[in-house]
Amino acid sequence: MALINTWLTDRFDLALPVVAATMAGVADGRFAAAATRAGILGGIGVGGAASGGWITEQAAVAEGPYAIGLQLWGLADHPDQFEATLAARPTMVSLSFGDPTPYVEQCHQAGIVVVSQVGTTTAARAAVDAGVDAIVARGGEGGGHGVDQVATLPLLQSVLEVVDVPVIAAGGIATARGLAAVLAAGAAGAWIGTAFTTCVESTLPDDAVALLAAAGEDRTAFGKVFDIAQRTGWPTEFGGRALINSFTERWTGQEDRLAADASALDRFAAARDARDPEVLPVWAGQGAGLLDGRRRPISDIVDELGEAAGLLRSAAEQVGQEP
Ligand SMILES: Cc1cc2nc3c(=O)[nH]c(=O)nc-3n(C[C@H](O)[C@H](O)[C@H](O)COP(=O)(O)O)c2cc1C
């Protein structure tokens, strides 16, 4: 029996309408299994350079309903990622950061529900035209990659008006209050990343967790300097939100100079490999300011998110009778 009933809980038999975001570098099969055991939909995040074999291994560890998140721009060089995903037959696949059209039909034939993360209403319309089953409306305050054009609330309101598929809200939702807010607005659920990055089951190393724990709500920034420095191949239309450090402060606004500065790129690589906190990319959204810093089991965080049910009940009590 779900605590709150929506399309997401009904379709995937969840206790709470939440997806643990498919976060590369954080969410592997063990993370997804723990999330699903906690009553939400677990996610596995596939990095642009991951192998199909890695996906197969992680999928074997996942339990019950779970999602695999693919970065579409990486599939041209790594077609084995898509093949391994189809073969694993996850409950859901997120096809984001590119055009999902070439992949949707094969997912449907394999019985996989397809979602796509979008950052604008125009992109939401395009994803629906591509045939996705649900939209993840991801505002610019979210952690990791996307676009930073519209914040979660205005995006959610707009997308809910124009699409006729379920809409899951993402970006800055880190507590029961945030979950209750987007459900009250009409979302089918929340797609939550940053709030789960510090859980026990996250693969994020302790030094990055400590940086996250110390960060306030105003210590993240959206940009492209890490993608330039890491030469990961992200298309320029996307950027990422991460903790601010000396590296982002030094190079934001100087992206072209950074790309052309071989010695700066070498210094970055050496300092990153040494895990220098002034250089290390720690992807996170504005919800970082809401983390309490302890490394807790994901089930504890999910239990707290469940307080959204009480908040929604209280909100309903505030609604007066029709005169
Ligand atoms: C550390 C980290 C890694 C991420 N990696 C991916 C990824 O590999 N694929 C993806 O679709 N989204 C990725 N995201 C974005 C999330 O799916 C989601 O959009 C975002 O976390 C939602 O905002 P929030 O962090 O404020 O909850 C990542 C987010 C974080 C924080």
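No value in this document is a laboratory result; all are computed from the given coordinates. Because the structure is a prediction, the values reported are computed rather than measured. FYI the Cβ positions are ideal-geometry reconstructions off the backbone, even for glycines, and counts take in every protein chain you see.
Could you work out the longest stretch of the chain that avoids the GluC sites (Glu not before Pro) located in DSSP loops with at most 15 other Cβ atoms within 10 Å?
The reported range is 64-216.
Where in segment 184-290 are there trypsin sites (Lys or Arg not before Pro) that are in a DSSP coil and have at most 13 other Cβ atoms within 10 angstrom of their Cβ?
Filter output for segment 184-290: Arg231, Arg275.
Rounded to the nearest 0.05, what FRET efficiency do Ala270 and Glu83 give with R0 = 35 Å and r taken as the Cβ-Cβ distance? Could you check?
With a Förster radius of 35 Å, E is 0.45.
Quote the charge dipole size of segment 206-273 about the Cα centre in Debye, to the nearest 20; the model charges only the Cβ of Lys and Arg (+1) and of Asp and Glu (-1).
Value, rounded to 20: 100 debye.
Long-range amide H contacts for Glu63: which residues qualify at under 5 Å (H placed 1.01 Å from N, peptide plane, sequence gap of 5 or more or a different chain)?
The list, which skips near neighbours in sequence, is Ala33.
Mind telling me which of Arg313, Arg89, Arg296 comes out most flexible in a GNM of the chain, alpha-carbon contacts under 10 Å?
Arg313
If you place +1 on the Cβ of every Lys and Arg, -1 on the Cβ of every Asp and Glu, and leave all else neutral, what size is the dipole of segment 73-231 about its Cα centre, to the nearest 20 Debye?
240
Please report the net charge: other residues with Cβ closer than 15 Å to the Cβ of Ala174, K and R +1, D and E -1.
Neighbour charge sum, excluding Ala174 itself: -2.
Using θ = phi - 60° and the Karplus curve 6.51 cos²θ - 1.76 cosθ + 1.60, what whole-Hz ³J(HN,Hα) does each residue of segment 227-234 get, with Gly and Pro shown as x?
These are the phi-based 3J(HN,Hα) values: 5, 5, 5, 8, 6, 7, x, 4 Hz.
5 Å is the cut-off here: which amide hydrogens, built 1.01 Å from N in the peptide plane, fall below it relative to Gln254, excluding neighbours closer than 5 in sequence?
Residues meeting the amide H criterion: none.
Suppose every Lys and Arg Cβ carries +1 and every Asp and Glu Cβ carries -1, with no other charges. What dipole size does segment 239-287 come out with about its Cα centre, to the nearest 20 debye?
140
Positive end of the dipole of the chain, charges at C-beta (+1 Lys, Arg; -1 Asp, Glu), about the Cα centre: which of Leu70, Ala59, Ile112 has its Cα farthest in that direction?
Of Leu70, Ala59, Ile112, it is Ala59.
Residues with amide H under 5 Å of Arg296's amide H, sequence separation 5 or more or different chain, H placed in the peptide plane at 1.01 Å from N; which?
Residues meeting the amide H criterion: Val200.
Please report the relative contact order for the chain, taking Cα pairs under 8 Å with a sequence separation of at least 6, and give it as a percent rounded to a whole number.
For the chain, the relative contact order is 16 percent.
Which order do Thr194, Thr122, Thr236, Thr220 fall in if you start with the one that has the fewest other Cβ atoms within 10 Å?
Starting with the residue having the fewest Cβ neighbours, the order is Thr236, Thr122, Thr220, Thr194.
Of Phe238, Trp251, Ala215, whose Cα points farthest to the positive end of the dipole of segment 206-273 (charges on the beta-carbon: +1 Lys, Arg; -1 Asp, Glu; origin at the Cα centre)?
Sorting the options by dipole projection puts first Trp251.
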